[in-house]
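Read the structure below first, then the notes.
Here, each number is a calculation from the coordinates, and none is a lab measurement. Being a predicted model, the structure only gives us computed values, none of them experimental. Note that we place each Cβ from the backbone using ideal geometry, even for glycine, and neighbour counts take in every protein chain shown.
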Amino acid sequence: SHTLHSFLFSFSSDESRAAKGRRRGPSRLPTATPALAWAPDDPYTPMEDYERSIQDMVHQLRNGSEPGDTKCQVNLRLWRSNRRSLSPWAYSINHDATRIPADIPEARCLCTGCINPFTMQEDRTMASIPIYSRLPVRRLLCQAPGEVGHKASGRKKCHKKYQTVMETIAVGCTCIF
């Protein structure tokens, strides 16, 4: 099983190599279902599969698959890379009702500094910073006042019309000097 971080950074190399010779038909999923799945790099994966994988991850987060503590510490007993990192992070749910998917897991750094691997204590001479990735989302487009078909009541009439845009989301944390 993989976490969001490891899936993002390992899926691209393994799966995209396997996908190079195969350009038709549905994309194949990784053999082991990741604990926290994210958008694969394979451009042939349908948007619905991508959105479903994000919904699955949000469901896992809501059902307590992530520990709730927010301490700046490394936990070597956990297999998830976000808790074993020298810049540990936790996931929270980024909610936006005008977006599909409405809920996206987002990384939040647990330390200001970084964990010193020798003392296992926070060292503030270094800094933990978020790693950002641009993810495709569908944005709800609403008709603006003054446009044809706009109701005179003063309330904005909103048609269920969406546009795919790229949104920047924190996917993990790293340590810098």
query: Want the number for residue 166 to residue 56: 0.36 nm per residue separation, take away the alpha-carbon distance, what's left?
result: 37.6 nm
task: Provide Rg over Rh for the range 79-144; use the alpha carbon set for both Rg and the Kirkwood Rh (inverse mean inverse pair distance).
output: 1.17
task: Kindly state, to the nearest 0.05, the FRET efficiency for residue 123 paired with residue 92, given R0 = 22 Å and r defined as their beta-carbon distance.
output: 0.35
- prompt: Which distance in nm do the two modelled labels at residue 79 and residue 112 give, with both placed 7 Å along the Cα-to-Cβ direction?
  reply: 3.5 nm
